[in-house]
1. Is at least one residue of the range 393-404 farther than 25 Å from G562 by Cα, surrounded by fewer than 21 Cβ atoms within 10 Å (Cβ to Cβ) and modelled with pLDDT under 90?
2. Are any residues in the range 526-551 of a type in the set (A, V, I, L, M) and part of a helix (DSSP H, G or I), and if so, which ones?
3. For the range 168-186, which positions are of a type outside the set (A, V, I, L, M) and either open to solvent by 50 Å² or more (accessible area, probe 1.4 Å) or under 25 Å from V484 (Cβ atoms) (or both)?
4. Of all residues in the range 681-724, count the ones that are hydrophobic (A, V, I, L, M, F, W, C), open to solvent by less than 20 Å² (accessible area, probe 1.4 Å) and assigned to a loop (DSSP other than H, G, I, E, B).
5. Are there any pairs, at least 6 apart or on different chains, whose C-beta atoms fall under 6 Å, with the first in the range 690-712 and without any contact (Cβ under 8 Å) to a residue 60 or more places away in the chain and the second part of a loop (DSSP other than H, G, I, E, B) and among the hydrophobic types (A, V, I, L, M, F, W, C), and if so, which?
6. Just for helices (runs of 4 or more DSSP H) wholly inside the range 367-455: which have at least 3 residues that are free of Cβ contacts under 8 Å to residues at least 40 places away in the same chain?
7. Scanning the range 152-167 for residues that are part of a loop (DSSP other than H, G, I, E, B) and among the hydroxyl-bearing types (S, T, Y), which turns out most open to solvent (accessible area, probe 1.4 Å)?
8. For the range 339-357, which positions are touching a Gly at 6+ places or on another chain (Cβ under 6 Å) and either at positive phi or not charged (D, E, K, R) (or both)?
Amino acid sequence: MGSSNDEGKRNSCLRSKATSGSSVEDQPSGNVDDDFMDGADSQEGSSISVIIRIVRAELMRSFAFFKATTKMNPYAVVEWHHGDGSCPTVVRTPSDSGSHLTPQWNHTAGNQPWSPGHSDRLVVKVYHERMGGIGVPAFCGAASVDVAELMNGSETPTDTNRFTICCTSDLVLSKDGEPTGVITIQALLARNVEAGMGQVATTTATSTHSVQSFMEPLNSAEVDAMRIDPSHFDGHGKRLGVSGGTAAFFRLHLKPDSSLACGEKSHSHYIGKDLSHARDELHFYQQVVKLKNDTSCGGIEHLIPFMFDCAGVLASQIENPTGTVEKDPVDLLVIGNLFDGCKKLRLLDIKIGQQTASAGWQGKSRLAAFRQALVDSNTNSMHEGFRLEGFDSPPQALVSMDPLLDVSMLGLSDKTRKRALRLMFQRLSAEDIFRHFADTHQDVDEPAGAFEDTMSPSEHIELVLHEMACRLLQLSLACRLTTVPQKWIGSSVALGYDCGTLPARTASEASVRSRVKVSIFDWGRSELNTLEKHLQLSESEQQDRSHFWGYYIEGIDRLLYGSLSGYWNRYGTTKPWKELLVWVYDFDSMSENDFIGKASLSLTIHEEPTTVGLQDESGNVVYGATSTGRMGRTPSTLNYKLTYRECPSGSRLKGRWQLHILEGANLPVMDLVKRSSDPFVIVEAISEDDRRFRQQSSVILGNLNPRWDEVIEIPEVARGGYFEDILNSTATAFSDQLAGHLTAGPFEQLCSDWHSTRAQKETGFRNLSSRLDGAAAAHQRRRPNH
């Protein structure tokens, strides 16, 4: 994790940039053409406009009054300096609250007419906002650059390709002649921009109209334009029920000879969603279809591959589970089916963003937004910027955790139980989410001679987690390469794989990876923003988009951080596991779990049942209940077996330690009301280089002598470099030069484990974000999008 020298290392790096670059002061250059005023008149009618994107900054020191205790809230302003001496402010980013030395804005604004040959300059200033904007802001530094320099090497927009995304530029910030940091900006060129685009709205009515023009639901003619010929599908749509929200889903059967199948798609490739609850999504997907081949839409083309394939609208007769067919056809939104080809899909539905509702946005009332804000503030959305909304095919260990166990005597309804289960999911951390997702120890029994022809569950999940981390890393980079900020409120990320089918050993690694699911979806309250639309927004609306886009990117980054940390601790070492700990807890649904005892096991094979005593945190013997249920002097014990299985040649795993947890005996009473306990076991393996594998057993209700009879596998990798492969393969998917930015520095700086402090986890997350920012900036410097 991060050390006390992190800030010094960052400052050394920034000083290096300042030395290699041209230091500038907080004033424009005096080199202005004498005939600029004549040119300014012609600029008003110019067909070329410049839009500025403020990406991020790295500051070398704090400018807060109380430097030791205050986190800065930086914001940036951009002044356009004309030859006549005028210098209007064309961009003002939102404040990135609490970001301190590493603000991330991704703010796109401004729309200034410009003609080549003029000496216009930009001055970018960074300030620290004090007291929520009430106090006088603290100046952090400024940078100046010729507008023409930002266009270097970029093609001029044409009537057919109206937007050009230029390379990013790193400018050295300075104050009083001393470098104070580096700010990354980017210019975008637009041709034939409509009159009024980019102007700040002068009235609330104008502002509201500009937004609503992008969000109006499709009328019947637009729906009809997206209709699909029913002959593409066999039979009726079969009702599947409601998943998560209010919209029902329907199974569809695509004909193999349909043009929609393209000779590749299976009969279950598509699924139907009740259009009466998905009209806003149809509007979103309609725009996606239009933008698929448009490289001038602001980088959204990088995100489209993560979205569901949308075929259009299908009017279908509906068959109910009882077999009856409804009289009137129902309009269905036909989208990609995550369950396609899966026997048993383990699926996470993760809602992104620390704020998942906005009053007045897409029809959301103030009361509904307030209720949603309460959910946000009491779930993992507030802590990590995302929360788990649904978990299909969860492991038995998670199923056994009854969220209403402590109040089971009240006889609460099934509806209340579902709400409690959903809240339990929503409060899970990234570490818990990926630990349960990776839990395969009860999925398949392993008889003698098994897994000769198929991968074992442990081998399968390693490849799944590796591919999932690669895709999430690609998604995070794709968000950064999208120059137009999006307002995707309440949208989700789907992570899944088929846990009901084990791949054959003859199957290629690529085919196994292709079946891993990583998608972004749920666009009911989302707007697909483009450069052209964004320029029509008022300044406050542009800042609003940047604000929510920042929430989205941070949520994706933290999800990636959890994925990388989980993989790092399971498979990030070739060193042997040196210690095996077994922790026994009493499950509590309304409070922290009670610690019962622990045992340290030697990593030597024990094929016969072995008994070990439990100890408390101080190493003292734990005593349990007597046969009468009273507390006595009977030691608490755990019975187990430990074996090792080698994996075949060619496997990514060398082998698996198999800890067979048989039973516990004479456990102490932790629930004084029920005079019993609800025990479960957490297994922790620690490697010589301090990687920490963790997995848990099922909860056994009301039992002081529980029998688990569960086998938990601790994997050993066949070779090193798997973690580095995630970073390298993802980087080269965009550009060969990016790998160095992602792999620079120790990998430990990008990860954490369950015992890391909050500060250590935050340092690791910031390190990851910084490397991602650098990689995205490098990609845009080398390969501008034309």
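The values are calculated or read from the model by the stated rules, or taken from the named source; none is laboratory data. What you see is a predicted model, and the numbers here were worked out from it, not measured in a lab. Counting neighbours? That spans all protein chains shown, and the Cβs are built from the backbone with ideal geometry, glycine included. Accessible surface areas use protein heavy atoms only, side chains included; no ligands, DNA or RNA. Shrake-Rupley method; radii C 1.70, N 1.55, O 1.52, S 1.80 Å.
1. The answer is no; no qualifying residue exists.
2. Here is the first cut: in the range 526-551, the ones of a type in the set (A, V, I, L, M) are 528, 531, 535, 537.
Passing the criteria: L531, L535.
3. Keep residues of the range 168-186 that are of a type outside the set (A, V, I, L, M), which gives 168-170, 174-181, 184, 186.
Within the range 168-186, T168, S169, D170, K175, D176, E178, T184, Q186 meet the criteria.
4. Number satisfying all stated conditions: 1.
5. Listed by first residue and then by second, the contacts come to P706/I700.
6. Details: elements: 380-384, 396-399, 414-426, 430-437.
The helices (runs of 4 or more DSSP H) meeting that bar are 414-426.
7. The first filter runs over the range 152-167 and keeps only residues part of a loop (DSSP other than H, G, I, E, B), leaving 152-162.
Those left that are additionally among the hydroxyl-bearing types (S, T, Y): 154, 156, 158, 160.
Values: S154: 26, T156: 93, T158: 61, T160: 135 Å².
Filtering first and then ranking leaves T160.
8. Correct list: L345, L347, I352, G353, Q354, T356.
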